[in-house]
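Structure first, then comments.
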Amino acid sequence: MSDGNSDAAIRVLVTTDAIDVAAELAALEQGGAVATFTGLVRADDGVATLELEHYPGATEAALRRLAQEAARRWSLAAATIVHRVGPMHPGERIVFTGAASAHRAAALEACAFLIDRLKTDAPFWKREVVGGQSRWVEARAADDHAADRWR
């Protein structure tokens with residue numbers, strides 16, 4: 001960690017559109033290292049559809065704060081968070097996080113920080129459709145534990 005970089009290129013997007021990983025990665029390729037995470041909708045327990053809702057404005061602000069914090073903590077050249085909302089199906093991309101830094105350790109740590117913290121710090125609500133029935137997804141203790149290591 002370091003005192004950070006307030007000049008990092010920050011990209012935050014909440015969208016119903018598919019995530020173009022190649023385009024997001026290309027935009028991050030600066031400096032010496034780039035680390036990314038791409039999350040996919042899982043078919044656990046027969047999930048046919050995952051619907052994500054969010055609080056417009058507040059969600060983007062929370063994600064921007066996380067990206068800015070990562071840029072400061074790890075002296076990033078760039079940080080990206082792209083998150084889907086709306087209905088999605090198993091195998092579709094739901095989230096992309098990326099960090100660019102002069103060194104791999106900083107990029108890897110910042111990328112892990114981004115995904116761990118957005119799971120608990122951004123206002124998203126998940127609903128799964130299984131067998132024609134919908135149910136809200138409760139917060140998981142494992143997500144809280146992962147986020148706590150960065151506090």
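Among all positions in segment 100-111, there is at least one residue which is closer than 14 Å to Ala8 by Cβ, open to solvent by less than 50 Å² (accessible area, probe 1.4 Å) and in a strand (DSSP E or B). Of all the numbered requirements in (1) within 15 Å of Gly39 (Cα to Cα); (2) without any contact (Cβ under 8 Å) to a residue 60 or more places away in the chain; (3) open to solvent by 30 Å² or more (accessible area, probe 1.4 Å); (4) not aliphatic (A, V, I, L, M), Lys126 misses one, and that requirement is (2).
The residue of segment 112-121 that is least open to solvent (accessible area, probe 1.4 Å), among those that are of a type in the set (A, V, I, L, M) and farther than 12 Å from Ala71 by Cα, is Leu118.
Looking at His83, His145, His89, just one residue is under 18 Å from Ile19 (Cβ atoms), surrounded by fewer than 14 Cβ atoms within 10 Å (Cβ to Cβ) and not polar (S, T, N, Q), and that residue is His89. When segment 96-151 is filtered for residues that are among the small types (Gly, Ala, Ser) and within 16 Å of Leu52 (Cα to Cα), the ones remaining, listed by number, are Ala122, Ser134, Ala139. On inspection, Arg117 passes the criterion of being within 21 Å of Val41 (Cβ to Cβ), among the basic types (Lys, Arg) and in a helix (DSSP H, G or I). State which residue is surrounded by the most Cβ atoms within 10 Å (Cβ to Cβ) when the search covers only segment 56-65 and only residues that are out of contact with any strand residue (DSSP E or B) (no Cβ under 7 Å at 6 or more places or on another chain) and part of a helix (DSSP H, G or I). Out of the qualifying residues, it is Ala62. Among the residues of segment 10-25, just one is open to solvent by 60 Å² or more (accessible area, probe 1.4 Å), among the charged types (D, E, K, R) and not in a loop (DSSP other than H, G, I, E, B), namely Arg11.
Name the residue that is modelled with the lowest pLDDT, counting only residues in segment 26-55 that are more than 19 Å from Trp136 (Cβ to Cβ), open to solvent by 50 Å² or more (accessible area, probe 1.4 Å) and out of contact with any helix residue (DSSP H, G or I) (no Cβ under 7 Å at 6 or more places or on another chain). Per the criteria, the residue is Gly31.
The values are calculated or read from the model by the stated rules, or taken from the named source; none is laboratory data. Predicted model only: the values in this text are computed from it and were never measured. Here Cβ is always computed from backbone atoms with ideal geometry, including for glycine, and neighbour counts include all displayed protein chains. These area figures cover heavy atoms from the full protein model, side chains too; ligands, DNA and RNA do not enter into them. Shrake-Rupley method; radii C 1.70, N 1.55, O 1.52, S 1.80 Å.
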